[in-house]
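The values are calculated or read from the model by the stated rules, or taken from the named source; none is laboratory data. Given the structure is predicted, the values throughout are model-derived calculations rather than measurements. Methodologically, a virtual Cβ is constructed for each residue, glycine included, from the backbone with ideal geometry; neighbour enumeration extends over all protein chains shown. Just the protein is used for accessible areas: all its heavy atoms, side chains included, with ligands, DNA and RNA removed. Shrake-Rupley method; radii C 1.70, N 1.55, O 1.52, S 1.80 Å.
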Amino acid sequence: MCRLEGGLEGPIIGILVDKYGPRRMAIIGAVIAGSGFFLMSLVSSIQIGPFHLSAFVIFVLLYAGWMSIGYNTGFGHASVAAVNAWFIKKRSRAFAIYSLGAGGSGLTVFLLGFIVNDYGWRTGAFLAGVGIFIIVIPLSLLLRHKPEQYGYLPDGLPPTIATDQGQEHDPDTDLSSSLDNDFTIKQAIFSIAFWMLVLGTSARAVAMTSVVIHQVNYLTNVRSIPLIHASAALGAMVTVSLVGRLGFGFLGDYIDKRYVLIFCTLLQAVGIYVLSIVDNMTLLWVFVIIYGISYGGAIPVFMAIVGEYFGRKNFATIRGWMQLCHVPSTVVGPVYAG
C-alpha cells in the first residue's frame, strides 16, 4: 500500500518540488512523517457513534497513508531533486555519496530495534518522531534548489562562464538551458528513453522488491537456513551495498552510465541465481556480496541517468511520473513472487 500511495502521489509531489523547491517540500514531508510517528505511538481503536475503527485500521491509515505521504514528499523526491540541480558532470558521484545515507541506515534500524525490544514499539515510534523533528527538519533547512539562484553554477564552476563568442553569462541567470538538456514533461513522456528506463527498471524492481520482502522467509522455510543467519544476511546485504553505491556511482561519471547500469543489472541476475541454489552459508554470503554490490550500484547510476537524459528543470516531476509507472511492478511483483 505504501508503494501504491507513493506511486500515485509521485507526479503531484514532483510538480510541487520543481515549483517551490526541495527545502520547503522536505520540511513539509518531515513534519508529516514525524507527526505520523507521534500519532502511531498513541494508536488505539476509535468508536464514533455507530462507526468503529480498529487499532489495526488506524495503523494502516497512518503508515500507508499519512506517513507514506510525508516520506515520499520529504525523502523520496525533494532531496534527490536538490542533488540533481547542483551537479551535471559530477552528478553520478554526487548521487553515490547521497545514497550512502540510506545504505548506512542500518545503525538506526539496530538502535530502534533495541528500543522496541526493551521499551516497546510505542516508545520506539515516539522517539523516531522526535528524531525527525530534531535532526531531519534542521538538516532540511540546508537544502537549496538551484545554484544559479545563489550566484553559483553546477559542479562548483566559476560564477561566470565564457561563451564561444567571448561573452559571459550573468551568474543570476538560470543556466540550465545552456548547461544541461531540459525536457518538458510532455517531451520526456513521449521519448523512447523514458519508456525504456521505465520498462527496464520496472523489471528490475520486480526482482529487487521480491528479494527484499521474501528473502528471510525463503531462506528459512525453503532453503533451511537458520533464522538468525537469514536475518543477518538481509542486514549485511544493505551494508555491502555501500561498496556498490560508491564504486559504481563514481564510475558513472567516467563510463557511459548505460553500460554501468546494464552491468549492475546483469550482476544482480547472477546474485539472484545464486540465491536460488543456496544450500549452505558459503553460497549465502556469495549471494550477499554479489547482489548487495550490484543492487547498491544501480541506485545512484539510475538517478544520475534520469538527470542526464532529461535535465534539471523538471527532474522531480519526471521522476514522479516514472514512479507512477513503476506501481504495477512494485505492488504486483512481490505478490506474484510470493
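Name, by its number, the condition in (1) part of a helix (DSSP H, G or I); (2) buried (at least 17 other Cβ atoms within 10 Å of the Cβ) that does not hold for Y273.
Answer for Y273: the failing condition is (2).
Give the stretch 77-107 a look and list any residue that's surrounded by fewer than 20 Cβ atoms within 10 Å (Cβ to Cβ) and within 29 Å of V43 (Cβ to Cβ), or say none.
Across the stretch 77-107, the qualifying residues are G101, A102, S105, G106, L107.
Cβ contacts < 7 Å: first residue open to solvent by 30 Å² or more (accessible area, probe 1.4 Å), restricted to the stretch 113-140; second residue outside any helix (DSSP H, G or I), any location; separation 6+ or different chain. Result?
What qualifies is R122/S41; F126/S41.
Kindly indicate which of G235, G249 is touching a helix residue (DSSP H, G or I) at 6+ places or on another chain (Cβ under 7 Å) and buried (at least 16 other Cβ atoms within 10 Å of the Cβ).
On the way: G235 fails: buried (at least 16 other Cβ atoms within 10 Å of the Cβ).
Of G235, G249, the one residue that is touching a helix residue (DSSP H, G or I) at 6+ places or on another chain (Cβ under 7 Å) and buried (at least 16 other Cβ atoms within 10 Å of the Cβ) is G249.
If you go through the stretch 144-158, how many residues are part of a loop (DSSP other than H, G, I, E, B) and open to solvent by less than 40 Å² (accessible area, probe 1.4 Å)?
Residues flagged as part of a loop (DSSP other than H, G, I, E, B) and open to solvent by less than 40 Å² (accessible area, probe 1.4 Å) within the stretch 144-158 amount to 4.
What do you reckon, is I58 farther than 26 Å from L141 by Cα and buried (at least 16 other Cβ atoms within 10 Å of the Cβ)?
Values: farther than 26 Å from L141 by Cα: yes; buried (at least 16 other Cβ atoms within 10 Å of the Cβ): yes.
Answer is yes for this residue.
Name the pairs whose Cβ atoms lie under 6 Å apart, with the first residue in the stretch 296-323 and more than 18 Å from L16 (Cβ to Cβ) and open to solvent by 10 Å² or more (accessible area, probe 1.4 Å), the second polar (S, T, N, Q) and assigned to a helix (DSSP H, G or I), and 6 or more positions between them or separate chains?
Listed pairs, sorted by first residue: I299/S99.
Given the structure, is Y259 modelled with pLDDT of 95 or more and either of a type outside the set (D, E, K, R) or open to solvent by less than 40 Å² (accessible area, probe 1.4 Å) (or both)?
It is true that Y259 is modelled with pLDDT of 95 or more and either of a type outside the set (D, E, K, R) or open to solvent by less than 40 Å² (accessible area, probe 1.4 Å) (or both).
How many residues, within the stretch 159-208, are at pLDDT below 85, surrounded by 14 or more Cβ atoms within 10 Å (Cβ to Cβ) and not charged (D, E, K, R)?
The qualifying residues number 8.
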